[in-house]
Amino acid sequence: MEKASKQIDKLVKAARRVVIIQPDNPDGDSLGSSLALEQILMELNKDTVMVCGVNIPSYLSYLPGKDRVETEIPNDFDLSILVDTSAISLINNLLAADPSVKHRLSSKPLIILDHHASESSIDFASLRLNVADASATSEVIYRLAKDLNWPMNLAAKNAMAAAILSDTLGLTSPSTSPKTMYVMAELVEGGVSLSALENARRDMMRKSPELVRYKGSLLQRIEYYDNDRIALLTIPWPEIEKYSPSYNPSMLAIDDMRLTTNTIVAVALKQYPEGKITGKIRTNYGYPIAAKLAEAFKGGGHEYASGFKLLGEVDIETLKKEIVNKSMELLDEVI
Ligand SMILES: [Mn+2]
């Protein structure tokens, strides 16, 4: 960490304009980390541009500043910082938008700040600070900022606290360590109000009657396999098109799936045009097999939360069988 932080310090000092990039599956941690870096770099008199290859979902609107996130990499910058992923497939939307994007990113220093256990698949990054025992990328950023004496204003602290709360499910995930708690304690000491953050988040979680009814229809369609140990849900494109702007359909159902009696593995599959299928995987406590399950389908992630993306390689019924079989195999190894 020491050596990487010194290198990061040098790269940031040398830069005038910094692009902060989130993966194509933005979440509370990626957005909170971007907003925190934006504030820190602003205090360091840098120009910043926040970018994400997809629109930031509206459930993250409780984090002020989400509207400043743009969808295209600018032409002119000196340094880019990618947060919360080390997977090339998760910046594909940005890379695919314009063939010159990869050249622009690789011809300037690119720093990855992450906390995912998987290896990096981005071969043109100059530097990767990946702290696998950190609960969130924002925990990595906080430790880095302290290390380098970077200024952290209240907006930066709020963004980091929200990011950590998001990735740790309110400091209750297995990845929540004593270090996470020390970081949170310092953030609260620095003026962050956890109750204000939580109230803002809960307000944003209110759903329209239409979404509540749609959630009901999703729950009706959950398929259970292997004595209910595995729960699968398939979400077709017309529903994604209709409901995604207001809520990620997978997220409407996946917690209820994993809260079913006996269920250990929950997988929500989304079917996009031209055969693209994405999978969101959650496993219950005591069964840290989510990353391994995702890796069997060219994805990755954490022990209990992971995902994958397949591009027209497999039909959905075959895929479902493969997921059930691979899950059973991995569960047998754990038990
Ligand atoms: Mn994260």
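A few notes on this one:
- Among the residues of this structure, LEU63 does not count as one that is in a strand (DSSP E or B) and within 16 Å of the ligand (Cβ to nearest atom).
- Scope region 176-228; condition charged (D, E, K, R) and on the phi > 0 side of the Ramachandran plot; matching residues: ASP226, ASP228
- ALA156 vs. criteria touching a helix residue (DSSP H, G or I) at 6+ places or on another chain (Cβ under 6 Å), in a helix (DSSP H, G or I) and away from the ligand (no atom under 16 Å from the Cβ): yes
- If only residues of region 107-122 that are assigned to a loop (DSSP other than H, G, I, E, B) and not hydroxyl-bearing (Ser, Thr, Tyr) are counted, the one that is farthest from the ligand (Cβ to nearest atom) is LYS108.
- Which listed residue is in contact (Cβ under 8 Å) with a residue 40 or more places away in the chain and touching a helix residue (DSSP H, G or I) at 6+ places or on another chain (Cβ under 6 Å), from VAL12, VAL18, VAL51: VAL18
- Screening the candidates VAL83, VAL51, VAL18 for the property of being surrounded by 20 or more Cβ atoms within 10 Å (Cβ to Cβ), away from the ligand (no atom under 16 Å from the Cβ) and within 26 Å of PRO249 (Cβ to Cβ) yields one hit, VAL51.
- Only one entry in ALA125, ALA200, ALA134 is in a loop (DSSP other than H, G, I, E, B) and surrounded by fewer than 21 Cβ atoms within 10 Å (Cβ to Cβ), namely ALA125.
No value in this document is a laboratory result; all are computed from the given coordinates. As the structure is a computational prediction, the values presented were derived from the model and not from experiment. Methodologically, a virtual Cβ is constructed for each residue, glycine included, from the backbone with ideal geometry; neighbour enumeration extends over all protein chains shown.
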